[in-house]
1. Take the conditions surrounded by fewer than 24 Cβ atoms within 10 Å (Cβ to Cβ), of a type in the set (Asp, Glu), over 22 Å from residue B:295 (Cβ atoms) and away from chain A (no Cβ under 14 Å) and apply them to residue B:135. Does it pass?
2. Which one is nearest to the other protein chains (Cβ to nearest Cβ) among residues in the stretch A:82-114 that are in a helix (DSSP H, G or I) and over 24 Å from residue B:92 (Cβ atoms)?
3. Anything in the stretch B:16-34 that is of a type outside the set (Gly, Ala, Ser) and either within 16 Å of residue B:80 (Cα to Cα) or within 14 Å of another protein chain (Cβ to nearest Cβ) (or both)? List them, or say none.
4. Could you list all residues from the stretch B:279-296 that are touching a residue at least 12 places away in the same chain (Cβ under 8 Å), surrounded by fewer than 22 Cβ atoms within 10 Å (Cβ to Cβ) and of a type in the set (Gly, Ala, Ser)?
5. Of the residues A:34, A:79, which is more than 8 Å from every other protein chain (Cβ to nearest Cβ) and either part of a helix (DSSP H, G or I) or more than 27 Å from residue B:26 (Cβ to Cβ) (or both)?
6. Does residue B:158 count as outside any loop (DSSP other than H, G, I, E, B), of a type in the set (D, E, K, R) and touching a residue at least 40 places away in the same chain (Cβ under 8 Å)?
7. Go through the stretch B:297-310 and give me each residue that's in contact with a helix residue (DSSP H, G or I) (Cβ under 7 Å, 6 or more places away or on another chain) and either crowded, with 23+ Cβ neighbours inside 10 Å or touching a residue at least 40 places away in the same chain (Cβ under 8 Å) (or both).
8. Restrict the check to the stretch B:148-165 and report whether at least one residue is modelled with pLDDT of 95 or more, crowded, with 22+ Cβ neighbours inside 10 Å and within 14 Å of another protein chain (Cβ to nearest Cβ).
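The values are calculated or read from the model by the stated rules, or taken from the named source; none is laboratory data. This is a predicted model, so every value here is computed, not measured. Virtual Cβ from ideal backbone geometry, glycine too; neighbours counted across all protein chains shown.
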Amino acid sequence: MDFKDIIKPENLVYRRSSLLTDKPFSYCPGCGHGTIHRLIMEVVEELGIQEITVGIAPVGCSVLAYEFMNIDMQQAAHGRAPALATALKRLMPDKYIFTYQGDGDLAAIGTAETIHACNRGENIIIFFVNNGIYGMTGGQMAPTTLPGMPASTCPFGRDVNIMGNPLKITELVAQLPGVHFATRQSVHTPRNVRRAKKAIQMAFEVQKNKKGTSFVEFVSNCNSGWKLSPVAANEWMEQHMFPFYPLGDIKVDGNLVTK
Amino acid sequence: MGELRLMKGNEAFAEACIRAGVDAYFGYPITPQSEVLEYLMSQKPYETTGMVVLQAESEVAAINMCYGAGGAGFLPVTSSSSPGISLKMEGVSYIAGAELPLIILNVVRGGPGLGDIQPAQSDYFQATKGGGHGDYRLYVLAPSSVQEMADFVLIAKEMAFKYRNPVMILSDGIIGQMMEKVELFDPIPRRTIQEVEKQAPWATTGKKANRERNIITSLDLDPLKQEQHVYHLRDKYSQMEREDVRFEEISTEDAEYLLVAYGSSARICQKAVDLAREEGIKLGLLRAITLFPFPSKRLAELSNQVKGMLAVEMSLGQMVEDVKLAVNCRVPVEHYGRTGGVIHSPVEVLEALKSKIIK
C-alpha cells in the first residue's frame with residue numbers, strides 16, 4: 001500500500017485551520033499561544049463566521065496575533081482592547097468581536113477597561129492568556145505572578161508584603177452581572193485542549209445569543225520567562241499554577257458555579 | 001436658511017455631530033465641556049440616526065473606543081477639557097499612527113495640572129506639536145464663535161477622511177460655555193455599513209472572501225518600514241500645508257501693525273482693532289483658523305507690509321513661536337496674553353501693542 005492510497009479525504013483526521021496564515025508563529029517552542037490561536041480560528045472556521053468576526057490583539061507576546069489569524073483585526077494600545085471591542089460591537093452588533101490579551105495587558109494596565117467592559121455586559125469575548133509573567137519584555141513580574149515565584153523584577157520571588165498579591169481577575173469579573181460565562185482552561189494536554197475548545201465554542205454561542213460578556217482564561221506556560229524547558233514548564237504549571245488558578249467553569253449561563 | 005437656535009458652544013458642537021452623521025461619541029465628564037455628553041444623551045440620537053453615545057469609564061477608555069470605531073471605518077467623536085485631553089494623548093498618537101478618522105474637541109481650561117476651570121489657550125503646544133509620542137500632527141481647527149463650534153464639525157469630518165488623520169477642534173471655556181445664535185446646517189444621514197465599506201476599504205468590518213484581511217495597527221517592528229510609514233505621514237502633513245490652511249483677515253489691507261490670534265482671543269482682538277483705529281493706529285488682525293497647518297505663508301507676506309506683530313493668546317506664549325518662525329526676524333514679534341484662566345481685555349491688548357511693538 002502506497003502512502004498516496006492513504007492520503008484521501010475520507011482518511012483525514014486533522015488539518016490546520018484555513019484561518020491560520022502561513023506565517024510561522026513568533027512564539028517560543030512549547031508556548032501555549034499557538035495552540036490557543038489555533039483553537040479560536042478552528043471555532044471561527046467551523047461556525048462559518050470568518051466574514052463577520054473581528055479580533056483585537058493586545059500588547060505583549062501576542063501583539064502580532066493579527067499576523068497569524070486570517071480575519072480582520074485591530075491592534076490595541078496596551079490594556080485597551082476591551083474599549084476597542086466595546087465600540088466595534090456597539091457599531092456592528094451583528095458581528096462577532098473578541099479580544100485576545102495577556103495577564104499584564106488585561107489585569108494590570110487594562111484593569112479598568114476589563115472590569116467596565118464586563119460590567120456593562122458588552123456582548124464580546126475576552127480571551128485571557130495567563131502565564132504569570134511578562135513574556136515579551138523579558139520575564140518581569142505580572143499581576144498574576146504567584147507568591148514566591150521569581151521574575152526579573154522580583155528576582156528573589158514575589159514577596160506579597162512588598163509587591164502585593166496576585167490578582168484572580170476571572171473570579172473577580174465573574175461576580176459582575178454583565179458577565180454571562182467565565183471559565184478557566186489550559187491547553188497543555190490533548191484532553192485540556194479539547195475542553196478549551198468547548199469553552200471557546202460556548203463563548204461564541206453566548207455572543208450569538210447576545211447574552212453578555214464571555215471571559216475565557218487560559219492558564220498557560222512561559223518556558224522562556226520561567227527559565228524551564230517546555231516539558232518542565234508544563235509540570236511546574238500543574239504543580240504551582242493550577243492550585244492557585246484552579247481549572248474549570250466559574251460562571252455558566254449567568255450563574256456562579258458552586259463547588 | 002437653516003434652523004436658528006440660541007445655544008451654548010458645547011451644545012452646538014453636540015447638535016452638529018448628530019446632524020453631520022457622526023457614527024459614535026465616547027466621552028467622560030469634565031468641566032467645562034460636560035454639556036457635550038449631556039446634550040447628546042438628552043437627544044437620544046441612538047434612537048434616530050443610530051449614532052452610538054456612551055459615557056466611558058475614563059478618557060483613556062473613550063479615546064480607545066474611538067480607535068476601535070475609526071478602525072472599522074466609522075467616524076467617532078470624543079471631547080474633553082485640558083487634563084482629560086492629556087489622558088487621551090496616548091490614544092491620539094495610536095490613532096494618528098494607525099491613520100484613523102477622528103474628531104476630538106478640547107474645551108481648554110487653565111493649567112498645568114488640574115489648573116482651574118476657566119478659559120485658557122495654554123494647550124496650543126499639545127495640540128499642534130504632538131502631545132502624544134512620535135512624529136505625528138493633528139489637523140487643528142480653532143473656532144471663535146458658537147456658530148463655528150457647529151460648522152467646524154463638517155470641516156473636521158471632511159479632513160478626518162481626506163487625510164485619515166485625527167482632527168482636533170481646539171476651543172476654550174469661553175466658546176464652549178457662552179450662548180450665541182447659531183444657524184444649524186441641515187442633517188446629513190449617517191452612512192450605511194455598505195457606504196462605510198466603500199469609503200473605507202481598509203476598515204475591519206469583517207474579512208470578505210474577495211479581499212485580504214484588513215489590519216489596523218500602528219506597529220512595524222522593521223525600522224526601515226516604520227521610517228517609510230512616517231515619511232508617508234509627513235507627506236500628508238505637507239499636503240495639509242499646501243491645500244488646507246485656513247485663516248481670516250480683519251483690516252489688514254492698510255495695516256501697519258498686526259495682531260495674530262485664534263479662538264476667543266481673536267474675538268477680543270477684533271475689538272482691540274476697533275479701539276486702535278479710533279486712535280488712528282492702523283492695526284489689523286490675522287485670525288488663524290487652522291493652527292496646524294499654520295498660516296505661515298500669509299504671515300510671511302504680511303511681514304513685508306507691517307512694522308511689527310503681536311501674538312495674542314491666553315497663555316505664556318505658545319503660538320508666538322510659530323509666528324516668529326513664519327516672520328523669520330523680518331519684523332519684531334512679541335507675545336501678550338493673560339494665562340491660568342484669566343481673560344485679557346481689548347484695552348490690555350492695545351496697551352501691550354503700544355508698549356511692546358509701537359513703543
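1. Taking the combined requirement at face value, the residue satisfies it.
2. It comes out as A:107.
3. Once the filter is applied, which keeps residues that are of a type outside the set (Gly, Ala, Ser) and either within 16 Å of residue B:80 (Cα to Cα) or within 14 Å of another protein chain (Cβ to nearest Cβ) (or both), the stretch B:16-34 yields B:17, B:22, B:23, B:25, B:26, B:28, B:29, B:30, B:31, B:32, B:33.
4. The one that is touching a residue at least 12 places away in the same chain (Cβ under 8 Å), surrounded by fewer than 22 Cβ atoms within 10 Å (Cβ to Cβ) and of a type in the set (Gly, Ala, Ser): B:296.
5. Result: A:34 is the single residue among A:34, A:79 that is more than 8 Å from every other protein chain (Cβ to nearest Cβ) and either part of a helix (DSSP H, G or I) or more than 27 Å from residue B:26 (Cβ to Cβ) (or both).
6. The answer is no for residue B:158.
7. Answer for the stretch B:297-310, where residues must be in contact with a helix residue (DSSP H, G or I) (Cβ under 7 Å, 6 or more places away or on another chain) and either crowded, with 23+ Cβ neighbours inside 10 Å or touching a residue at least 40 places away in the same chain (Cβ under 8 Å) (or both): B:299, B:308, B:309, B:310.
8. Checked the stretch B:148-165: no residue is modelled with pLDDT of 95 or more, crowded, with 22+ Cβ neighbours inside 10 Å and within 14 Å of another protein chain (Cβ to nearest Cβ).
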